Structure formats: C-alpha cells, structure tokens
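Each reported figure results from applying straightforward, stated rules to the coordinates on display, with no laboratory input. Not measured: the values here are computed from a predicted model. Counting neighbours? That spans all protein chains shown, and the Cβs are built from the backbone with ideal geometry, glycine included.
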Amino acid sequence: MNQLHKATKVLYLDFDGVLHDDEVYFHPRRGIYIKTPGRTLFEWAPILEDLLAPHPDVGIVLATSWVRVMSFQKAKRHLCPALQERVIGATYHRRWMREADFAALPRGVQIAADVRRRNPGKWFALDDEYAGWPDWCRDKLISTDSSSGISDPAVQQAIKVMLEQM
C-alpha cells in the first residue's frame, strides 16, 4: 500500500494547463492529443517532480477531467513513475458521484468538497481554472496560465513557497 495513502499534506493536481498546454483533445482514432504546435503532453511534469522531490510527504490527488473521462487508473498512468507513486486519490469517484452533477461543478467546488471529505492537514491546488473557487480556499490555489502551466518561473516560485509553508 502507498505510504502516502493517509497523507496530511496534499497537492490537488489538474493536468491540462498545468502539466502541459490546455489545448488537449480526444479523438476516437487518434486518442488524446495536444493541438498546439510544438507542445507535448506532460512536458512540464519533470518540473513538478523536481519541485516535489524535497517533500516526500506530499501526496497528490488528481483534480482533472481525465479521471472522469478515462478512469482513475488510466489517468494516473499518464504521469511519470515518481509522480504516480505520490497519487493517493482523485476528486471524482465514479461509484459515489453522478458524473453529470460532478462535471457541472467548478473545479474549485470539486476540490473544496474533497478537502472536506479527505480533511488533509495542509493542502494546495495547481489549476488553470480560477473562476468558481470558494472564497475560503482561494489562498490555496496556485493559478497557472493555460498555455504555460508550471513552466512559468513565477508559478514555480509560488509552488516552492507553498511547499515550504506546508
């Protein structure tokens, strides 16, 4: 069992607009692909891996539509092994939630609900979606630009500061 299963420090992680450009689509024959020329899926994941390396006690909760669209396990498998090891769950649970109801909620509300259920001691979120976040948890959001994600040095600095404060 993952030693981080009951992590008290949690990162809520979106994929699109965070670990790669937001222009990601699915086609039945092509699969998942990125539309932006010169961009690749998960191209910025090594940045997150490096930022988290000094903090082995931080678990990851997947806060991405990939879980809803493909499944928790398939979404998790797209991450590099070092990040996969940190994954302790997802905000969406097919068995406990109606997909349409969950999808209709802003991501911040989805994460806030998970925070209430999971009750981590400390947490923050990486997401390119700022709208719809409840006021009580906006200070836990590191908002990324959908085209530069965590490749932005200012975002990387914000992540470092948040991790040090945890």
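Computed quantities for the displayed model
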| read-out | value |
| --- | --- |
| HN-Hα J in Hz across region 42-57 - Karplus 6.51, -1.76, 1.60, θ = phi - 60°, x for Gly and Pro | 6, 5, 9, 4, x, 5, 5, 4, 5, 5, 7, 3, x, 10, x, 8 |
| Neighbour-count order for 11, 163, fewest beta carbons within 10 angstrom listed first | 163, 11 |
| In nm, spacing of pseudo-spin labels at residue 165 and residue 8 (7 Å Cα→C-beta vector) | 1.9 |
| Stretchable slack from residue 55 to residue 100, in nm (0.36 nm times residue separation minus alpha-carbon distance) | 12.7 nm |
| Rg/Rg_ref, the chain, where Rg_ref = 2.2 N^0.38 Å and atoms are Cα | 0.97 |
| Projected label distance in nm at residue 40 and residue 119, using a 7 Å step from Cα toward the beta-carbon | 4.4 |
| Exposure proxy ranking, count of Cβ atoms within 10 Å, fewest first, for 74, 122 | 74, 122 |
| Karplus (6.51, -1.76, 1.60) ³J(HN,Hα), θ = phi - 60°, over region 119-136, in Hz, Gly and Pro reported as x | 6, x, x, 9, 7, 7, 10, 10, 7, 9, 9, 9, 5, x, 7, x, 4, 5 |
| Order of 91, 8 under a 10 Å beta carbon neighbour criterion, fewest first | 8, 91 |
| Zone of residue 71's modelled label, taken as backbone nitrogen in region 89-112 under 18 Å from a point 7 Å along Cα→Cβ | 89-97, 99 |
| Estimated vicinal HN-Hα couplings, Hz - region 21-31 in sequence order (Karplus 6.51, -1.76, 1.60; Gly, Pro = x) | 3, 6, 7, 10, 9, 10, 10, x, 8, 7, x |
| Pairwise Lys count, the chain - Cα closer than 24 Å, eight or more residues apart or different chains | 18 |
| Relative contact order (%) - criterion: Cα under 8 Å, at least six apart; region: region 14-166 | 28 |
| Charged-residue dipole, Cβ positions (Lys, Arg, Asp, Glu), the chain about Cα centre, Debye nearest 20 | 860 |
| Base-10 log of normalised Debye intensity for region 1-96 (one unit scatterer per alpha-carbon) at q = 0.12, 0.15, 0.17, 0.18 Å⁻¹ | -0.39, -0.60, -0.76, -0.84 |
